Amino acid sequence: MYTGWRIVFSTGFVGALMSGLFYNGMSAYFLPLQEYFQVSRTRLSFVFSLRGLEGGVEGPITGYLTDRLGGRVIMTTGIIWAGIGLVLLPFMPNFTSFAVVFLLMVTTGFSMPTHGTMITINRWFQRRLGTALSVYSSGSALGALLLTPVLGYVIHTYGWRWGAGMSGIVMLAIGVPLALTLRYPRESELDLREQQPRVTKGNASALNDVSGAEHPYSVSEAIHTPTYWMIAAAIGFRLLGKSAIQVHFVPLLTSKGISEPLAITLLAFSAAPRLLAGLGAGYLGDRWSRSKVSSLCMVTGVAAGLFMIFGPAGLMFGLGFAILIAVSQSSDIMTWALISQYFGRRHFGTLRGIATIVQSFVAFAGPLLFGYFYDKYLNYDSAMWIFVGASAGAAALYWFMRAPRRVMRPAMPPAA
């Protein structure tokens, strides 16, 4: 087996822990936290929204440090910091102290490993980068499928404090040893065929304009291209909807007459179609066009929003909504591969970090708007129209995205 796949599987297990116990599991905390601290959905959503805005400050710094220090250092540090934060959360006496620990430790820590993971996988893969990233993200889907129901049971039976504390212990005991296996390839381990991009009808123009391995863009060159900012905007619109759904998935379903335990079960179930759709999206993206596959996934997000607004209440609605949302999120990780495809891998961490500035401000609005509109109208219909618009905007940007023009560098003067 190519050693790069072992790195993908190892980081996939870490992604499973992060997804099942935090990202996907976060919605299971929403109603218990609201009841425990006696706060409005707008106020609680504001705290969850700040984690996205925080990424706008942390992202460029972490991306730069990842390029300099390597993925293993960043990933391990983030998991330790997040694990300690989760262990401390149950001891916070009020909502303010809870918000401080949640934002400064838990969310900051959990945002760091993705930088380390993606830049490391980029070092191992080029030809099958979309597939590799999809396999990695399948770990996230498996974590949601297997761990989120356990977390939901613990929270529903013993309280959110037990859920947070146990999650922190698991991250420290299992996540840290897995993170330490992350490393860059040695020259002798590289598969030369894997380092050559796959030229297909859908991506031939991009790969002819820039070869990520041979002619990478500098940071300055990349950020002066319209394509780079189209990628940042598209990811921002995508994350506006994703961040809102991550926080409000369980409340969304309970507003449609579904019980809280069943809503948590459907939250976990949604990982199964996301796993299958994610693998398919990665495979298709490597052979057709990563941007167009991402666009089609966003079209599914539009359908999910309309289904939420006009669909009937009850279990069948919950199943349909969970499946559509899962498919819409199946290309999440692969969209970041567009930065490597168009601009090369040398400065991937820094370029990814700068892009988070744009997407963090857009993603910040998602959970907050959902909470505000629910408190105002006691339903999510108005918020879902925003979700529909954001998904449609991302779909259009991905579909019409084109590779940047080749950078023409001045020729070096001849040697004297």
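Selection of the stretch 273-284 for residues being modelled with pLDDT of 85 or more, surrounded by fewer than 21 Cβ atoms within 10 Å (Cβ to Cβ) and of a type in the set (A, V, I, L, M) yields 276, 284. Apart from one condition, residue 124 fits all of (1) within 22 Å of residue 245 (Cα to Cα); (2) crowded, with 22+ Cβ neighbours inside 10 Å; (3) of a type outside the set (S, T, N, Q); the exception is (1). Within the stretch 211-238, the residues that satisfy the criterion of being of a type outside the set (D, E, K, R) and modelled with pLDDT under 85 are 211, 212, 213, 215, 216.
Answer with yes or no whether residue 172 is modelled with pLDDT of 85 or more, assigned to a helix (DSSP H, G or I) and surrounded by fewer than 19 Cβ atoms within 10 Å (Cβ to Cβ). For residue 172, the condition - modelled with pLDDT of 85 or more, assigned to a helix (DSSP H, G or I) and surrounded by fewer than 19 Cβ atoms within 10 Å (Cβ to Cβ) - is met.
Out of 48, 37, 13, 30, one residue alone is modelled with pLDDT under 85 and within 30 Å of residue 262 (Cα to Cα). It is 48. In contact (Cβ under 8 Å) with a residue 24 or more places away in the chain, among the hydroxyl-bearing types (Ser, Thr, Tyr), in contact with a helix residue (DSSP H, G or I) (Cβ under 9 Å, 6 or more places away or on another chain) and under 24 Å from residue 155 (Cβ atoms): does that describe residue 77? Answer is no for this residue.
Here is the figure for the stretch 230-276: residues that are of a type in the set (D, E, K, R), within 20 Å of the chain's Cα centre (by Cα) and over 14 Å from residue 27 (Cα atoms) total 2. When the stretch 343-379 is limited to residues that are in contact (Cβ under 8 Å) with a residue 12 or more places away in the chain and of a type in the set (Ser, Thr, Tyr), the one that is surrounded by the fewest Cβ atoms within 10 Å (Cβ to Cβ) turns out to be 372. Helices (runs of 4 or more DSSP H) fully within the stretch 235-341 that include at least 3 residues being touching a Pro at 6+ places or on another chain (Cβ under 8 Å): 260-269, 315-328.
Condition check ((1) surrounded by 20 or more Cβ atoms within 10 Å (Cβ to Cβ); (2) among the β-branched types (Val, Ile, Thr); (3) more than 14 Å from residue 321 (Cα to Cα)) across all residues:
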residue: 247; (1), (2), (3): yes, yes, yes
residue: 251; (1), (2), (3): yes, no, no
residue: 259; (1), (2), (3): no, no, yes
residue: 270; (1), (2), (3): yes, no, no
residue: 286; (1), (2), (3): yes, no, yes
residue: 291; (1), (2), (3): yes, no, yes
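Of the helices (runs of 4 or more DSSP H) lying entirely inside the stretch 29-120, those carrying at least 2 residues that are of a type in the set (Lys, Arg) and buried (at least 18 other Cβ atoms within 10 Å of the Cβ) are 41-69.
The values are calculated or read from the model by the stated rules, or taken from the named source; none is laboratory data. None of the values given here were measured: they were computed from a predicted structure. Cβ sites come from the backbone with ideal geometry, for glycine too, and all protein chains shown count toward neighbours.
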